[in-house]
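Read-outs throughout are calculated quantities, based only on the coordinates presented, and are distinct from any laboratory measurement. For clarity, every value in this text was computed on a predicted model and none was experimentally measured. A quick note on method: Cβ atoms are made from the backbone with ideal geometry, for glycine too, and the neighbour counts reach across all protein chains shown.
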Amino acid sequence: MSFDYAITEKFLYENLKNDLSSLELMKEFFDTFNDGILITDKKGIIVVYNRAKEIQENRNRQDMIGKYTWDAYGYSGKEGSEHYRVFKSGKPILNKYSAHSVVSGVAKYISYSTYPIIVDKKVIGVYSISKNEDSLHESLVETIEKKRELNLKNNLEVSEYLENGTRYNFSNIVGQSQDMKNVINLAQNVSFLDNSILIIGETGTGKEVLSQSIHNFGDRAKEPFIGINCSAIPENLLESMLFGTVKGAYTGAVESIGLFEKARGGTLFLDDINTMPLGLQAKLLRVLQEKRVARVGASETYPIKCRILSATNEDPFDLIDKRKLREDLYYRIAGFTIKIPPLRDRREDIIVLSEYFIRRYSKILGKSQIGVDYELKKILDRHSWPGNIREIENLIENMLVNSNDHEKYLTVKSIPNYLRDRFSVEKSEDKVEKNQDKASLNSMVENYERKIITEALEKNKGNISKTARTLDLNRNSLIYKMKRLEIN
């Protein structure tokens with residue numbers, strides 16, 4: 001049966017008075033409800049966690065009952081617990097939709113409301129009633145996927161900036177490859193969580209588009225999204241921008257708030273975080289650990305409430321080995337990791353993207369929509385695309401400008417002269433020979449690396465930590481290399 005909201009207050013008042021300890025004796029009664037029930041006392045300790053709640057969150061009630069809600073759910077402090085906030089305010093939090101657990105990498109979405117238990121005008125506890133909303137989430141994901149497919153067929157212009165500082169959603173992401181569908185699905189699943197996220201992807205793969213989509217899909221969508229490229233700002237200015245300053249902190253310093261403050265309860269996106277100087281990385285680590293920050297030149301700290309999304313265009317373990325990224329900071333920012341595959345690894349998206357940008361820029365340039373001829377498709381397909389989506393967009397725009405109004409197809413001749421060498425308009429036999437030489441060299445390097453690591457592992461009797469020290473590698477980097485080289 002479902003929990004009757006109308007009789008809840010009367011039931012609690014008549015049976016509990018000022019003591020919630022008797023609720024544990026009513027475990028079988030609460031287990032008869034189909035809705036998830038969670039009740040905490042005035043200290044924030046969980047006293048009821050029924051069977052339906054166990055199923056919804058895939059947890060064991062023995063691991064929950066008797067613990068503070070913020071400890072049981074792994075929040076950073078009391079403020080992260082809605083039960084604590086409702087107890088302090090005496091006001092309910094209604095119709096929330098969020099995920100409080102992850103099962104096999106998939107977030108479990110639940111619709112719930114949280115109410116104070118008031119007896120004689122005093123709040124003596126808090127209770128939540130929740131319903132499983134996996135089907136609602138699946139319908140939402142399916143709707144977005146259909147909208148993406150529709151956008152591919154139509155000329156979708158990039159939207160204007162929204163009030164929260166974003167202009168992209170998941171429906172704006174172009175790509176039909178299974179790899180990109182997997183990335184989108186994974187990003188949607190973690191959008192409702194509070195974990196920090198590290199996005200890995202080469203230049204031009206769309207890391208900021210994905211980060212804005214995550215923000216707009218989750219609970220923080222109405223809060224600000226603030227993005228900053230760490231590589232484009234000098235160290236002293238970057239610190240001031242992140243943390244804020246007080247007047248007189250240094251010559252010319254004025255009173256200003258930092259991006260952590262401006263983001264409020266939204267999202268702060270740190271792009272190219274590996275370009276941040278190591279000294280500033282240490283300061284950022286402390287801020288993320290303490291969940292508090294002080295403005296430059298000030299001793300007073302203030303709490304940070306925003307979610308941190310970071311991005312890098314290189315493998316993080318390689319960056320750690322090169323001393324460009326602190327290992328302890330990596331573990332703090334990579335609560336969850338999403339890797340966007342480069343365009344050369346999802347070649348089925350090359351023509352899809354080409355045709356999409358043709359439709360988009362044809363309208364902007366006032367030209368009729370045209371196709372891509374067979375020879376040009378072959379050239380586009382075999383190009384390595386080091387600039388990824390940004391590069392293909394630039395090429396299509398230039399080709400359309402270079403084309404005549406009467407042409408029905410873009411051809412090899414449409415490629416601007418200064419780009420012809422880059423896009424391998426050369427003898428096919430030379431191209432084949434170069435590719436064979438490159439493949440041969442890569443194979444030789446991998447074989448040698450596999451041999452060195454295998455011999456070191458044998459010498460150290462399979463001990464990964466000792467082997468990593470022998471090879472002067474970070475342990476996680478060695479594990480990564482072993483997986484890549486298929487070394488057991």
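With +1 on each Lys and Arg Cβ and -1 on each Asp and Glu Cβ, how big is the dipole of region 343-425 about its Cα centre, in debye rounded to the nearest 20? Intermediate results must be reported in sequence, preceding the final value.
Working: 15 positive and 13 negative charges, 4 e Å.
So the magnitude is around 20 debye.
Size descriptors for region 185-239 (Cα atoms only): Rg and Dmax, in that order, 12.9, 38 Å.
Among the listed pairs Lys27/Lys122; Lys121/Lys291; Lys207/Lys262, which are separated by more than 31 Å between their Cα atoms?
Working: Lys27/Lys122 25 Å; Lys121/Lys291 34 Å; Lys207/Lys262 22 Å.
Beyond 31 Å between Cα atoms: Lys121/Lys291.
For region 362-403, which GluC sites (Glu not before Pro) pass both filters: DSSP loop (anything but H, G, I, E, B) and at most 11 other C-beta atoms within 10 Å?
Passing both the DSSP loop test and the Cβ count: no residue.
Protection proxy ranking for 350-359, 75-84, using the average of other Cβ atoms within 10 Å per residue and placing the highest first: 350-359, 75-84. A Förster radius of 25 Å, combined with the Cβ-Cβ distance separating Arg382 from Glu446, puts the computed FRET efficiency at roughly 0.65.
Per residue, what volume in Å³ does the convex hull of the Cα atoms of region 138-339 enclose? Could the numbers behind the result be given before it?
Details: hull volume 25.2 nm³, N = 202.
Normalising the Cα hull of region 138-339 by residue number yields 125 Å³.
Note on Lys42 and Thr470: the extension gain reaches 148.6 nm, defined as 0.36 nm multiplied by sequence separation minus the Cα-Cα distance. Full extension of the chain between Asp120 and Val412 yields a length gain of 97.0 nm, computed as 0.36 nm times the residue separation minus the alpha carbon distance.
Provide the FRET efficiency to the nearest 0.05 for the Val254-Thr203 pair, computing r from the beta carbons and using R0 = 35 Å.
0.55
In terms of packing, defined here as the mean over residues of other Cβ atoms within 10 angstrom, the peptides 361-367, 121-127 line up highest first as 121-127, 361-367. Ranked by the mean number of other Cβ atoms within 10 Å of their residues, highest first, the peptides 467-476, 47-56 come out as 47-56, 467-476.
Compared with the alpha-carbon gap, the fully stretched path from Ser113 to Thr301 is longer by 64.4 nm at 0.36 nm per residue.
Order of Thr245, Thr205 from fewest to most other C-beta atoms within 10 Å?
Working: Thr245 21, Thr205 24.
Exposure proxy ranking, most exposed first: Thr245, Thr205.
Each Cα pair under 8 Å and six or more residues apart adds its separation to the average, and for region 343-425 the resulting relative contact order is 36 percent.
Based only on other Cβ atoms within 10 Å, what is the fewest-to-most ordering of Arg295, Arg382?
Details: Arg295 23, Arg382 15.
So the residues, fewest neighbours to most, are Arg382, Arg295.
A Förster radius of 25 Å, combined with the Cβ-Cβ distance separating Glu290 from Thr337, puts the computed FRET efficiency at roughly 0.60.
Given 37 °C and 0.692 mPa s, compute D for region 343-425 with the Stokes-Einstein relation, Rh being the Kirkwood radius over Cα pairs; round to the nearest whole µm²/s. Write down the numbers at each step before the final one.
Details: Rh = 12.7 Å.
My calculation gives 259 µm²/s for D.
Computed from the mean reciprocal separation of all distinct C-alpha pairs, what Kirkwood hydrodynamic radius does region 252-337 have, in Å? In region 252-337 this quantity evaluates to 13.8 Å.
Approximating the spin labels as points 7 Å out from Cα along Cα→Cβ, the Leu278-to-Lys367 distance works out to 5.0 nm.
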